[in-house]
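Below you'll find the structure, written out as structure tokens, and then a few comments.
No lab work stands behind these numbers, since they all come straight from the coordinates. As the structure is a computational prediction, the values presented were derived from the model and not from experiment. Glycine gets a Cβ as well: all are built from the backbone with ideal geometry, and neighbour counts include every protein chain shown.
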Amino acid sequence: MLVLLATTGLFAAGPKILIVTDVEGVGGVNHADEQLLPGQRRFEESKRLLTGEVNAAVEGALAAGASEVVIWDGHDGSRALSIDQIHPKAVLLQGRPTPADYYLKPKLYDGIVFIGQHAMAGAPNGVLAHSQSFAIEQITINGQPVGEIGQVAAIAGFFEIPLIMLAGDQAACDELLTIQPKAETVAVKRLAGKASVFSLSHDEARARIRQATRAAIGRLKDFAPWKVKGPVELKFVYKPDEKHPSGRTQVYRGANILEANQAWLGK
Ligand SMILES: [Zn+2]
């Protein structure tokens, strides 16, 4: 019995988990003109579907013994989740502007779980793929193309926190696996043809998210933080527009990824 208690962690606080949310990678969310922003015809449905996927991740985390689960409402200025809808054992983090440290501190969490994530701009087979904004063609860190997944991975890695699980479209799952090959992933949808999408049913997506989150937290020791070596050059290449017909590029530099992020977002 003593052995059992020791190995199930009852003598220590369970892991602390951060769930980072977005909307574009939620199952069933496929239309930028109807489903992504407050006021759009189907935005309330998107919020409901996101909430269902997030709460499934919370359930999986608690089943794996997590002692603390924080949900960061990461889409478009934190307007996609509500405290009366999230799992009662979770805490909701909302606000803007996003701080350069993404609300992290050294080892503040034992792992990060992504829900509703999409692939980087230009990703083959991506659903609603973009990097921060649909006006951006590419973001690179020291020459390596990254999307929002890689940006979070880099800052989390700076603070010694690994990414452990991702739910989103198939292209987003593939993108996480390039920087965290051992991660658990749940593809809740995938591109079909040019712009059509296969989605799992919401209940099936929830079941898989619950299971994958639990599995990832059950083997936290398998995951290493993603370390970007400094000095860092964070580069944004914008698509051509009326003012800049041949596009434009913005570069932010720092001794490390946090400093480069501070140059981009401010301190
Ligand atoms: Zn978003």
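Distant-in-sequence amide contacts of T185, defined by a placed amide H-H separation under 5 Å and a gap of 5 or more residues or a different chain, comprise L166.
Which net charge results when you count Lys and Arg as +1 and Asp and Glu as -1 among the other residues whose beta-carbon is under 14 Å from that of S131?
-3
Charge dipole (Cα centre; +1 on Lys/Arg Cβ, -1 on Asp/Glu Cβ; no other charges) of the chain amounts to roughly 420 debye.
Sequentially through the range 135-142, phi angles give Karplus couplings (6.51, -1.76, 1.60; θ = phi - 60°) of 8, 9, 7, 7, 10, 10, 10, 6 Hz, Gly and Pro residues having no value and appearing as x.
3J(HN,Hα) along the range 75-90, derived from phi through the Karplus expression 6.51 cos²θ - 1.76 cosθ + 1.60 where θ = phi - 60°, amounts to 8, 6, x, 6, 10, 10, 10, 9, 5, 8, 10, 7, 3, x, 8, 9 Hz, with x in place of Gly and Pro. Each peptide in 182-191, 125-134 gets a packing score, the mean of other Cβ atoms within 10 Å over its residues, and the list from highest to lowest is 182-191, 125-134. Remark: the range 174-187, residue by residue, has Karplus-estimated 3J(HN,Hα) of 4, 5, 4, 5, 5, 10, 9, x, 8, 5, 7, 9, 10, 7 Hz, where x stands for each Gly or Pro and the curve is 6.51 cos²θ - 1.76 cosθ + 1.60 at θ = phi - 60°.
Placing +1 on the Cβ of each Lys and Arg and -1 on the Cβ of each Asp and Glu in the chain, which of G52, H244, Q144 has its Cα farthest towards the positive end of the resulting dipole? Selected residue: Q144.
Relative contact order for the chain: 21 percent, from Cα pairs under 8 Å spaced at least 6 residues apart, divided by residue count.
Taking amide H atoms as placed 1.01 Å from N in the peptide plane, the amide H of V197 lies under 5 Å from those of A192, each 5 or more residues away in sequence or on another chain.
Exceedance of the 22 Å cut-off in Cα-Cα distance is limited, within the set K107/K229; K107/K227; K47/K239; K194/K243; K182/K227; K89/K227, to K47/K239; K194/K243; K89/K227. Taking amide hydrogens as placed 1.01 Å from N in the peptide plane, the amide H of L92 sits under 5 Å from those of I71, each at least 5 positions away in sequence or on another chain. Just to confirm a number: summing +1 for Lys and Arg and -1 for Asp and Glu over residues other than I179 whose beta-carbon lies under 13 angstrom from that of I179, what do you get? Its environment carries a net charge of -1.
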